[in-house]
Structures are given as C-alpha cells and as structure tokens.
Amino acid sequence: MFDPVFAFVIALAVGVVLAVGFVLGRVTSRRPGPVGERLADSITSFGEELDVLSFDPSGPQATPEALEDYRFALDAYDRAKTAASAPDALSALKEGRAALIRLEARRNGRPVPIDALERRAPARRPSRAEPSTGERFVATGRGNGTTEVLIDRPEPGRPAIADLVFSGKGNLLVAGHVRTEARIETLDEPQVIWIDDYRGRVFLPVECTHLKVRVENGHSSTWTARFLSIDHAAVLERELQGDCAEVVTYKGPPGKVTVQVRAERSWELKAVNERNGDYAARDYYAGVSDVGDSMLKMEVRPGDLLVMTMGGPGFWSLHAGD
C-alpha cells in the first residue's frame, strides 16, 4: 500500500543528502586549473576551510549579511579553482578569505573591516600585497607605497604577531591600523621604522584590523608579513636578547625587568596588561623609552606581553629580577 507520508520523508532525506553532497563536492573535488602547484594547494586548502566551516545557513546566526558573506566565499572558491591564470586565482582567493574574515567578525559581534565590504572587480583592485602563492596568513609586497593588509588571524578574536622580513634598500614603516565602518585609526606610533634589510615582529591587538606597511626609497625592495598566533611570542624567564622589534611573554614572578639598549635612534618597551583573557592596544600600564644607549628598569607581572619597538639598528637585552 502506498504511504504518501513515508514517500515524502524518503524524498526529503534524499534531497538533503544530494544537497550536502553538492556542497561538499563544490569545496573538495577537482584540482584547480594550471596555476602552479603551490597556488593550487592554497586553493584546495581554502576549499577545505569552507568544508569544515561551522556555519549553519538556516541557523540563528544566518543574518542576510552573514548569508551574503557565506555565499560570496563559496562563489570565490569556484572562481579560484576554475581561474585560467594565477592572477585571477589569487584575486578570487583573496576575496574569498576576506569574506570568511567578514563572516567570522559578524558571527562574533566584532567590527567588520571596511575593505572586506568594498567588493570590486579584480581588475580594479590592484594591490602590492598580493601573495604570490596564495598561502594563508602571508602577505607580500614590492617597491614603494603604502599597503593596508587585512589581517587573517590564526586564532580569530585573539591578539596576533606579524613576523616581518624586509629585503633591499629603502625605509620601512609598519603600524597596526583599524579600518571599520565606525572607526578609522592608526594605533599608536609605527612599531617599525627601519632602513634597509630587516627582520622583526610586531604586536597586533584584537582591535587591529589591518597592518599598514609603508616603503619609501625602496624601488627594488620586497617585504613579507606572516601572521602568527600570540603563542609564538618569545619567552622571558631570566634573560633575553634581540636586535629588532619583538613581542615577548614574561614568565617570571612580579618584579622588575632591567632593560639595556644600545641604539642609534629611539626605542620603546611597553608592558601590555591582560584583561578578560584579551590584550588591547590601550591597556599598556607601564613602559620605558629613550634615544640611544640606555639602561632602565620597568615593573612587570606574570603573563604580561612586553612589546619592544626599535627605530633603527641596535641591540637590546632584558634581564628579569633585581
């Protein structure tokens, strides 16, 4: 005997299975086109990110804006894996990752970066920060100019570190930046002001949406910014040394740190206070700074982040204890 209710349930189940299979196939099947093996791997990785994304299009977080971001990310993946050239694939991949950053911000009640909202045709979006292989958490640039790199955090909602490499002649200036619908602001002074070859690390508080990189007098220079989780901060237990900007976690007891610096230009060391499991740029509770050679002391507490800024070549040493 034919049971219409049973038939409807079976048809519905088959439809759900087919729909899920379509989505999974969309983001996991087919190797991308002839764009180079490393870029192809980056596109495949992006598809896998979409595959495991914990977003329910029919759930309570599925606002019209969030659904648009989600669909845009899926569409960008389709464009990336079918692109006929590497520049087209890179442009689609960049737009897709920006859509996921936008979606993650909406779902967690954080401000949405402005540049992720401005969608234009790839031909109208030239960028000095286009990654050559599409690798996630990496941005690169070449020559003079200012670029605001949208920060893709390894741990969304937590502070991060930008590991910077600058090669060639020229002046490098790097600072954290906020660019949202409600706020446009460069956070504090540049954490890196350097001439010629450089490698150092910059602190990126949660409120920071972009990394602003400016190069002057460096026509043939190149730079790379790799975004790391805050767990990659250097560790200070008793003594630590360096010669560039650095982010340090203090593991000792409450007390003082002796700061010794030999520098040609200005330098600054700030202690970043932890608040509700987070660190914000305006939570600096202590700091020391000077120009040239110095030896100073600064109060610190367990778990603090120590942010060292160097305005030029030099050497620094941190010693915990009296």
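The values are calculated or read from the model by the stated rules, or taken from the named source; none is laboratory data. As the structure is a computational prediction, the values presented were derived from the model and not from experiment. As a convention, Cβ positions derive from the backbone with ideal geometry for all residues, glycine included, and neighbour counts pool all protein chains shown. SASA here: full protein model, heavy atoms, side chains in, ligands and nucleic acids out. Shrake-Rupley method; radii C 1.70, N 1.55, O 1.52, S 1.80 Å.
What pairs come out if I take residues in segment 34-46 that are farther than 13 Å from TYR77 by Cα and open to solvent by 50 Å² or more (accessible area, probe 1.4 Å) and pair them with residues that are outside any helix (DSSP H, G or I) and of a type outside the set (S, T, N, Q) whose C-beta lies under 9 Å away, six or more apart or interchain?
PRO34/ALA84; ARG38/GLY134; ARG38/GLU135
I'm told ARG226 meets every condition in (1) surrounded by fewer than 19 Cβ atoms within 10 Å (Cβ to Cβ); (2) closer than 22 Å to TRP267 by Cβ; (3) modelled with pLDDT of 95 or more except one. Can you identify the failing condition by its number?
Unmet for ARG226, out of (1) surrounded by fewer than 19 Cβ atoms within 10 Å (Cβ to Cβ); (2) closer than 22 Å to TRP267 by Cβ; (3) modelled with pLDDT of 95 or more: (2).
Just give me the residues in segment 296-314 being part of a strand (DSSP E or B) and either farther than 21 Å from HIS232 by Cα or of a type in the set (S, T, N, Q) (or both), in sequence order.
Answer for segment 296-314, where residues must be part of a strand (DSSP E or B) and either farther than 21 Å from HIS232 by Cα or of a type in the set (S, T, N, Q) (or both): LEU296, LYS297, MET298, GLU299, THR309, GLY314.
Contact list please: Cβ distance under 7 Å, first residue in segment 243-256 and on the phi < 0 side of the Ramachandran plot, second residue part of a strand (DSSP E or B) and open to solvent by 90 Å² or more (accessible area, probe 1.4 Å), pairs at least six apart or on different chains.
Pairs found: CYS244/ARG199; LYS256/LYS297; LYS256/GLU299.
Which condition number in (1) within 26 Å of GLU65 (Cβ to Cβ); (2) at pLDDT 90 or above; (3) among the hydroxyl-bearing types (Ser, Thr, Tyr) is the one that THR140 fails?
Here THR140 clears every test but (1).
Do we find that LEU240 is open to solvent by less than 20 Å² (accessible area, probe 1.4 Å) and modelled with pLDDT of 75 or more in this structure?
So LEU240 fails the test.
What about GLY252, is it farther than 24 Å from SER167 by Cα and not in a strand (DSSP E or B)?
Values: farther than 24 Å from SER167 by Cα: yes; not in a strand (DSSP E or B): yes.
The answer is yes for GLY252.
Kindly indicate which of GLU216, GLU181, GLU237 is in contact with a strand residue (DSSP E or B) (Cβ under 6 Å, 6 or more places away or on another chain) and at negative phi.
GLU216
Here's a check for you: in segment 243-280, which residue that is of a type in the set (Asp, Glu) and more than 23 Å from the chain's Cα centre (by Cα) is modelled with the lowest pLDDT?
Ranking the qualifying residues of segment 243-280, first place goes to GLU264.
Just one of (1) open to solvent by 10 Å² or more (accessible area, probe 1.4 Å); (2) in contact with a Leu (Cβ under 7 Å, 6 or more places away or on another chain) trips up GLY176, so point out which.
All conditions are met except number (1).
Does ALA234 satisfy the condition of being closer than 13 Å to VAL307 by Cα and modelled with pLDDT of 95 or more?
The answer is yes for ALA234.
Would you check if TYR77 is open to solvent by less than 30 Å² (accessible area, probe 1.4 Å) and of a type in the set (Phe, Trp, Tyr)?
yes
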